[in-house]
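Notes follow once the structure below has been shown.
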Amino acid sequence: MRPPKHPKPFCLPDPTRRSLLRAGAGVLALPLLNACGSSEVSNVGSNAATGNGCAVPAATGTQRPRGLHVSWTDDPATTRTITWFTDGAADPGTVVQYGPVDAGMSDCEIQTAAFPFSAEGQTQATYDVDALTHSATMRDLDTTRPIRYRVGSETGGWSAVRVLQPARQDSFRFIHFGDHAQSDASRAVTAATRAKNPDFVWIAGDLSYANGDQPVWDSYFDMLEPLASEIPVMTAPGNHENKDGGGQGYTSRVTLPGNGIYYGFDYGNIHFCVSTGGSLLNDAADAGELLKELAALEADLADASLRRANGEIDFIIFVQHYTIWTSCDGRDPFNFSLVLLEENILLRHGVDLLLVGHDHIYERSKPMGFGLPLDSGYVQITQGGGGQSLYELVDYDMAWSAFRTLRHGFTEYVVEGKTIRGTTYSVENAALELLPDGGLEIIDSFEIHARNTLAKAHAVHAARSLEELGRDFDLQAMVDHTVKRNHLHDLFEDHTANF
Ligand SMILES: [Fe+2]
Ligand SMILES: [Fe+2]
């Protein structure tokens, strides 16, 4: 679905708005800044208690929310879901209170005014720790305006009031990285992503690297909270998520559409389709889950391709942890049978862009397929530089590879109509030293253009059933290879421990 178009109200010119913000006038200038739903506004409103004499009530309660992160489980144009954690087994309650940041609201009022709306949510055990995961969804939102909210309960205590940034309308932007961890580079990537103020963020798997040590997830979400409590973060599971109870450490801490593992949704003129890449399959007896997912991906992409040909959307983007092709040394696809089937699905339905991680490198492909440049193929962006230690590149060329390097950083995608402009930033210099003061270096830039009418029409195909897929692909071998690949991830504890 496409967010409704809203007429753009009076706005200050962007340079003026940016100078006001740089001068620290974000809150004072809110009446003017808020007039622009499609904005360049950076972090409107303060999420910290004010120092201007405002009587923000002291935090009370013994189970105060922590690790707040925003996502969506329903229409991104009108809903946001907040997920958070409380310590202990007793459930203090799950409530989100929210409302718009009204024009003219002072910083003090943002923090202290009564909320016009409230919603109760769900509580579930957090995997393998003495804590609970809470999630609650705000609905009927005008996401073109800043939204203030807090979560918690009278019993356990409330979070500080947070402000969600208004969603851009005429164009929008998102950021992608994977393999995040909690290194200095991870923190620099997190802070720089927040400073870029995108409309949302993709983390393409291997989030915390808890590797069975569940409290690592807590410190990970502490690190992520300043970003994720203000900007939606959507995720795909990676092989390291599998190390925590076969994915339970991950699924018990994130709230996502569909079954919460693989899913699809539209944002603006893009359809996103998210896959596990088989990362959570550990036993051939559970093969049905992977086969069900493949059938769901096939159906989701067939539907998206038809809608793209009908002009409802312009792009199809596929997100998962695993690469299809890679220039990472020693990392040829571990599982050709799954890779071949996935690539067949991507090419059949004309996926435009494939966002992945797993290999701790940065690499951008040409439009490609079958390991060769292919005009009608997909562009793969491997952004495995989110913070975990970097790998090595092969010392020979790949015909399909357009650019590759070893740097920590992230990739920003600015969507303007039928063009996506990508820019990849590094938080390090060429010697892999962190740049001071949040500095960034541009290491790659590129454009993706929407397919023409004929190409869109050529990509329209009916979804195949598993029976049909089974005629061309050995599904049992694919399941067996996926299980073997995932077991190998557990066996290697040296170089591959962090992959
Ligand atoms: Fe990985
Ligand atoms: Fe990784």
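Of the cross-linked pairs Lys292/Lys484; Lys243/Lys418; Lys366/Lys418; Lys196/Lys243; Lys196/Lys418, which ones have a Cα-Cα span greater than 30 Å in the structure shown? In this structure, Lys243/Lys418; Lys196/Lys243 exceed 30 Å between Cα atoms. With a simple spin-label model that places each label point 7 Å from the Cα along the Cα-to-Cβ direction, the separation between Leu374 and Ser389 comes to 3.6 nm. Among Ala304, Phe336, Gly278, which residue has its Cα positioned farthest towards the positive end of the charge dipole of region 172-495, with +1 placed on the Cβ of Lys and Arg, -1 on the Cβ of Asp and Glu, and the dipole taken about the Cα centre? Most positive-ward Cα: Ala304.
Remark on Asp444: its backbone amide H falls under 5 Å from those of Thr424, a criterion applied only to residues 5 or more positions apart or on other chains, H modelled at 1.01 Å from N.
Starting from the Cα-Cα distance between His487 and Phe336, subtract it from 0.36 nm times their residue separation and give me the gain in nm to one decimal.
Taking His487 through Phe336 to full extension adds about 52.8 nm, to one decimal.
Largest first and in whole Å, the equivalent-ellipsoid semi-axes of the chain read 36, 26, 22, each the square root of five times a Cα gyration tensor eigenvalue. Rounded to the nearest 0.05, what FRET efficiency is calculated for Asp286 and Asp142 with R0 set to 45 Å and r the Cβ-Cβ distance? Working from the Cβ atoms, E equals 0.60.
Using R0 = 30 Å, the C-beta based FRET efficiency linking Cys54 and Arg187 works out to 0.55. Here the Karplus curve 6.51 cos²θ - 1.76 cosθ + 1.60, taken at θ = phi - 60°, turns the phi angles of region 212-218 into couplings of x, 9, 4, x, 4, 4, 5 Hz, with x standing for Gly and Pro. Please list, by residue number, everything in region 194-222 whose backbone N is under 13 Å from a paramagnetic label point 7 Å out along Cα→Cβ of Arg66. 215-222, by backbone N distance to the label point.
Stretched out straight at 0.36 nm per residue, the stretch from Leu454 to Asp397 would grow longer than its current Cα-Cα span by 17.3 nm. The distance between label points at Ser106 and Ser465 comes to 6.8 nm (points 7 Å beyond Cα on the Cα→Cβ vector).
The alpha-carbon atoms of region 313-366, seen along their principal axes, cover 37, 24, 18 angstrom, with the largest extent given first. Net length available on complete extension from Ala114 to Asp130 is 2.5 nm, with 0.36 nm assigned per residue and the Cα-Cα distance removed. Computed from the Cβ-Cβ distance with R0 of 30 Å, the FRET efficiency linking Leu434 to Asp472 stands at 0.05.
Since every read-out is calculated from the coordinates, none of them should be taken as a lab result. Model, not experiment: these values are computed from the prediction. As a convention, Cβ positions derive from the backbone with ideal geometry for all residues, glycine included, and neighbour counts pool all protein chains shown.
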